[in-house]
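For reference, the structure is listed below as structure tokens.
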Amino acid sequence: MTKRQFDFENQYQIMKQKVEDLMEESRIHNIDLSEEIALLENKMARIRESKYKNLSPWERVLLSRSLDRPGAEDYIGFLCSEWIELHGDRLFGDDQAIIAGLGMFHGMPLTIVGHRKGKTTNQKLQYNFGMPHPEGFRKVMRLLKQAEKFRRPVLSFVDTSGAFPGIGAEERGQASAIAETLMAMVSVKVPVISIVSGEGGSGGALALAVGDRIVMLSNSVFSVASPETCSSILFKDAARVEDMAEASKLTAADLLELELIDEIIEEPVGGANQDFENTARLVEESILKHLRDLNDKEPDILVQERFIKYRRIGSIIQP
Amino acid sequence: MTKRQFDFENQYQIMKQKVEDLMEESRIHNIDLSEEIALLENKMARIRESKYKNLSPWERVLLSRSLDRPGAEDYIGFLCSEWIELHGDRLFGDDQAIIAGLGMFHGMPLTIVGHRKGKTTNQKLQYNFGMPHPEGFRKVMRLLKQAEKFRRPVLSFVDTSGAFPGIGAEERGQASAIAETLMAMVSVKVPVISIVSGEGGSGGALALAVGDRIVMLSNSVFSVASPETCSSILFKDAARVEDMAEASKLTAADLLELELIDEIIEEPVGGANQDFENTARLVEESILKHLRDLNDKEPDILVQERFIKYRRIGSIIQP
Amino acid sequence: MFGNNIGKTKYHEVSNFVRGDYEKGRESGSPKMCPSCKAPLAEQDLIQNFRVCPKCQHHLSLGAWERISLLADEETFREFNGDLSSYNRLHFPDYDEKLERAQRESGLPEAIVTGTAYIEGYQVVLGVMDSRFMMSSMGAIVGEKICLAAERAIELKWPLIMVVASGGARMQEGMVSLMQMAKTSAAIERLHQAGVLYVSVLTNPTTGGVLASFASLADIVVAEPRALIGFTGPRVIEQTIKHKLPDNFQKAEFLLQHGMLDLVVDRARLKENLAQLLRMHGGRND
Amino acid sequence: MFGNNIGKTKYHEVSNFVRGDYEKGRESGSPKMCPSCKAPLAEQDLIQNFRVCPKCQHHLSLGAWERISLLADEETFREFNGDLSSYNRLHFPDYDEKLERAQRESGLPEAIVTGTAYIEGYQVVLGVMDSRFMMSSMGAIVGEKICLAAERAIELKWPLIMVVASGGARMQEGMVSLMQMAKTSAAIERLHQAGVLYVSVLTNPTTGGVLASFASLADIVVAEPRALIGFTGPRVIEQTIKHKLPDNFQKAEFLLQHGMLDLVVDRARLKENLAQLLRMHGGRND
Ligand SMILES: [Zn+2]
Ligand SMILES: [Zn+2]
């Protein structure tokens, strides 16, 4: 059976609890097992470390989707000394599947946008499980224009299973909204740094990921279609998800090798899910480094380089 | 009682019919009244001419609203050798209260937008009596951008009682749509010629009227609020509409004197309503003249002059 | 960590505000009871609370000078174009009398006060409309003062803050009034071109041609809670559609939901939120 | 007086079209009956009518070369980049076989044909997608040919016409495929900057990442009658919302109503309407 949940951490914690019980027991009975237990714990830690280093693509898919995966709000909270969420597309609504606003990062104001999935049931419903409607993309475009007006770098967090598949979304131009966001992102005259922090699913993810730098957390994924979709559409066989996760080359390591992303942030053992602080610190360093790089560039050069970055993907010409 | 319909023409036609009956009668009875009848007809024609020259502001309001008043579609049909209507705001809908497209005018492609009221009951419903929703204004903005891209002059026809007062219109940002259209119109880098062909009512009219030239037909009106609204809001007295039409200075002549418009096209006797061809010919000449004037200007100068044109209205500074 | 807990603040924090010459700002007529919760209102409480009902947080109208006391750092507001006032250019019936009465009752020459100020140390150009003056309708002089404020903001490269209230166009000035929509929109367009921040604060009520021009064209559009904001007034819409409108229709919270506003901010938090926006836009705090 | 009576034309006017090498374009598999009205279809009638059902005007799929014959003036089409074909860059299971079969069955190296042509004498760069080739999904080479066509259009200052059909991204090329959305959008952005006209013609079906990139970014977006056009396919939406969709949902006429299209044009009128658009944009007719 194909796993549908990332359960290693749970199992590990149960094991760990058992070892602690054993230790307790041995103390009560005055049997000194400390040396053996230390070895045991050591071994277990190494197994855990090795496990997290060698997660299969499908396990990374599951990990990236886990409820305990930190999202844009978490990173914003860590990175910014001040934060103002801004609302609305000035056209139809305020799509809460996308969080957008202004953050003060190391004394520098940034425009920040990101998918938002929510943690509690209420939040998930309110944020539509992080699946944007056209309004979300149009809110992003509105803020991109302001970023340009105020020469403010843009930071995006990518974490969605995709744009919402629904009647209203289609009626109001989901495709057109995504297309125009892609065009706006690729041409905005300020630095854009995209952090793929969770699940990068299809066009709804890409619309927020067209950065000068695409940085992926090591357990995040980015794919043209979910492994479930690939296996059911291409092979009419829902059981092939693990194959498909492998074949789609959706892990950070695969995508770096394909030169589709610029950097991998290696998550600590346990992943961002278990160790948010250390992950966030690495994200912070990465953003600082890339901003230093990009802030010096003339806007025209910046946009030209961004154009070439995307133009060369799968191209016959090498500009 | 205040008149609610422009009925002079009807009465005149009835009179004329009676004179013809008389002539017929006299012929049957072999009584030669031709000389007297010629005098009578002459006098009647002079009365009619004088009547149309001296319409009261309220009568012009009624005439401008008459069902037989030619609209944007009529002028487009007369002026353009080819016409393609374009649709949609790419956001929510296609507002048929505003007609928009490309017209070939004397070999020159123009972007043309205008309010559309409709003539038959079906059309009136379909076009929402010429009262736009936000989608209409956003369609205009979309075409303004293309006009700029292709350096195509813009021609607008103004004829609406106002933007639609409804729930959906408010929900989807009627005010914001008008405001952004004003800003887009005032800054578009191509010539804009606005023809007030009928009823220019409030912000929904102004959004299409921010031209380098505002040309009014002599029996069209342009006002901040309808005389009905003025009299009921300011005097809680619906009977004061005629006063209000007078006091509001909403006729072409008043507005030229106030330097708020650039030109009046004197309609033939009977008005555009009775003599479309001759009116349309005058409109054609006027557009040609203004285009000749404006096409030579550098885009920056054009926009600068347009800015000054509006900036100086009711201003303490004289730039 | 997060500076943004808008809408969750209890009003008693107002005691931290700098008062300035606020005590002089008694000119607003004070109702005897809250129009929302019907609680009795003491004048002193109202002044203390910048005209927010201490019981239900209903935001009553604030006069222009009261608003300036609320927002501007003590003694920093410098009015400009304070001498401009309107005249009856169309000889419209009763307009002279209405102007005179509005001036007498409000103590203002026109419906808007403009000047420069500091907000928590950040330099701004500040315009404040006062609905006691003919419902703060926009005639030529109101439009002119808005344009002059925008132009001052461009010249100084200081952000523009417009606190808006309006019943719409000033019918007594006919098309000259309507054209102020185009004129102010043009001025704001220049402000955007110049890269100057513009924040509008929509207060109860903001309607008609004012909402459909400069008020909607800000980079950041903020509103006070429950403020009525709409192009067409609710009564006219009810007449047109012939049934009653829901209670929250055209209220600030409704507009936020429909994507038309960035933020709904309690009056008690307004100054600090504006300061935060100014800081986020590189405002100089000397 | 009016050139625009789109949608009102009877199909028999097709006899006026220049045929070119259309007769060779028999490659489309022909159904025995109309999928819409179930009328029996004779191959000869279909060719005659450019694959529009003579009875109910249902527009069947047209192969790339058939489409070129329909649109381009006789002998004017000059293909470029016709030698480009895809390879299995991710070593994705079964992709080699699928590519090979698609090439064999369609006679095309890839799902899009690009070149220069004249349309009623107007110079254009023309790209035509062919849904028989793996549902004309967009892999790296499809994306590349679109970009190269856009760049040729910029270089020549000739309008770009893209006749689109697509099932979306090519999953077998993974993220390389998804990134073609960004790449083609970037190329179209340059086209707009260069002031070059871009018209897209959406045919049945146009979905997914192709609709959500270059296909929606045209100055003028045209569609064929009843074409299915949407980001998410109707089956996926039905699974999500768990009830059936109305018949016209995501059809061209539905999109027109919702503001997403400029025009819905019968195939019989397509060439003359494109020519009219070219003329209106200052196309040179030598
Ligand atoms: Zn109260
Ligand atoms: Zn059929």
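Computed from the coordinates by the stated procedures, all read-outs in this text should not be read as laboratory data. Keep in mind it's a predicted model, so treat the numbers as computed, not measured. Here Cβ is always computed from backbone atoms with ideal geometry, including for glycine, and neighbour counts include all displayed protein chains.
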Fill in the blank from the handout: Ranked by GNM mean-square fluctuation in chain D (Cα springs under 10 Å), the top entry among D:GLN250, D:GLN239, D:GLN123 is D:GLN239
Completion exercise
Across B:LEU79, B:LEU39, B:LEU260, the residue with the highest GNM fluctuation in chain B (Cα network, 10 Å cutoff) is B:LEU39
Practice task
Among B:ARG116, A:ARG311, rank each residue by its count of other Cβ atoms within 10 Å, from fewest to most, as a rough exposure measure.
Solution key: A:ARG311, B:ARG116
Problem - Cα centre as origin, Lys/Arg/Asp/Glu Cβ charges: region C:191-286 dipole, Debye - result: 200
Exercise for the section: Hey, can you grab everything whose amide H is under 5 Å from the amide H of C:ASP73? Only 5+ residues off in sequence or another chain; H modelled, so Pro and N-termini drop out. Expected result: C:TYR118, C:ILE119, C:GLU120, C:GLY121
Exercise for the section: Measure nothing but the geometry: give the 0 to 90° angle between the long axis through the Cα atoms of A:276-295 and the longest principal axis through the Cα atoms of chain A, rounded to 10°. Expected result: 30
Problem - Projected label distance in nm at B:ALA253 and D:ASP73, using a 7 Å step from Cα toward the beta-carbon - result: 5.6
Completion exercise
Relative to chain A, whose Cα atoms define the longest principal axis, helix A:299-311 and its Cα axis are tilted in degrees, nearest 10, by 60
Completion exercise
Mean Cβ-within-10 Å packing, highest first, puts peptides C:56-63, B:174-181, A:28-35 in the order B:174-181, C:56-63, A:28-35
Exercise for the section: Work out, step by step, the length gained on full extension between B:LYS297 and B:ALA38: first 0.36 nm times the residue separation, then minus their alpha carbon distance; give nm to one decimal. Expected result: 87.9 nm
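Per-residue Cβ counts within 10 Å, from other chains only, averaged over A:300-311: what number is that?
On the way: counts 0, 0, 0, 2, 0, 0, 2, 5, 1, 4, 10, 10.
Mean number of neighbouring Cβ atoms from other chains: 3.
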Practice task
Apply the Karplus parameterisation 6.51 cos²θ - 1.76 cosθ + 1.60, with θ equal to phi minus 60°, to every residue of region D:111-120 and state each ³J(HN,Hα) to the nearest whole Hz, in sequence, with x for glycine and proline.
Solution key: 7, 9, 10, 10, x, 9, 7, 10, 10, 6
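In what order do B:THR160, C:THR184 fall by count of nearby beta-carbon atoms within 10 Å, going from fewest to most? Walk me through the numbers on the way to the answer.
On the way: B:THR160 28, C:THR184 31.
Taking fewest neighbouring Cβ atoms as first place, the list is B:THR160, C:THR184.
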Fill in the blank from the handout: Looking along the axis that carries chain C onto chain D, the residue of C whose Cβ comes nearest, with distance in whole Å, is C:GLY259, 8
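Suppose a student asked you for the relative contact order of chain B, using Cα pairs under 8 Å spaced at least 6 residues apart; what percent would you report? Provide the component values of the computation, followed by the final result.
Working: 563 pairs, mean separation 50.6, N = 319.
Reported as a whole number, the value is 16 percent.
With only alpha-carbon pairs counted, each pair once and no self-pairs, how large is the Kirkwood hydrodynamic radius of the protein assembly as shown in angstroms?
Working: mean 1/r = 0.0304 Å⁻¹.
Answer for the protein assembly as shown: a Kirkwood hydrodynamic radius of 32.9 Å.
Could you estimate the translational diffusion coefficient of chain B from the Stokes-Einstein equation, with Rh from the Kirkwood formula over C-alpha pairs, at 25 °C and 0.890 mPa s, in whole µm²/s? Can you show the working numbers first?
Details: Rh = 20.9 Å.
Reported coefficient: 118 µm²/s.
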Exercise for the section: Assuming a ≥ b ≥ c are the square roots of the Cα gyration tensor eigenvalues, decide whether region D:167-206 counts as rounded (a/c under 1.5), prolate (otherwise, with a/b larger than b/c) or oblate. Expected result: oblate
Problem - Peptide-level mean, for A:266-272, of C-beta atoms on other protein chains within 10 Å - result: 0
Completion exercise
Helix A:174-187 sits off the longest principal axis of the Cα atoms of chain A, rounded to the nearest 10 on a 0 to 90 degree scale, by 80
Handout entry: Cα centroid separation, region C:35-92 to region B:170-200 (Å)
Key = 33
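Can you classify chain C as rounded, prolate or oblate using the Cα gyration tensor, where a ≥ b ≥ c are the square roots of its eigenvalues, rounded means a/c under 1.5, and otherwise it's prolate if a/b beats b/c and oblate if not? Don't skip to the end; give the middle numbers.
Numbers: a/c = 1.26, a/b = 1.08, b/c = 1.17.
Because its axes are fairly even, with a/c under 1.5, chain C counts as rounded.
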Practice task
On a C-alpha basis, how far is the centre of region C:187-242 from the centre of region A:241-277 in Å? Whole number, if you could?
Solution key: 46
Exercise for the section: Report relative contact order for chain C in percent, whole number only (criteria: Cα-Cα under 8 Å, sequence separation at least 6). Expected result: 16
Handout entry: Shielding by partners, peptide D:252-259 (average Cβ within 10 angstrom, other chains)
Key = 6
Practice task
Taking only Cα atoms and a 10 Å spring cutoff, compute GNM fluctuations for chain C and point out the largest among C:PHE214, C:PHE92, C:PHE77.
Solution key: C:PHE92
Problem - When the convex hull of its Cα atoms is projected in every direction, mean area for region D:97-213 (nm²) - result: 6.8
Problem - Tail weight of P(r) past 16 Å, computed on alpha-carbon pairs of region A:25-95, percent - result: 75
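By DSSP, what percent of the beta bridges with both residues in region A:141-254 are antiparallel, rounded to the nearest 5? Could the numbers behind the result be given before it?
Numbers: 1 of 14 bridges.
Of all bridge pairs located within region A:141-254, approximately 5 percent are antiparallel.
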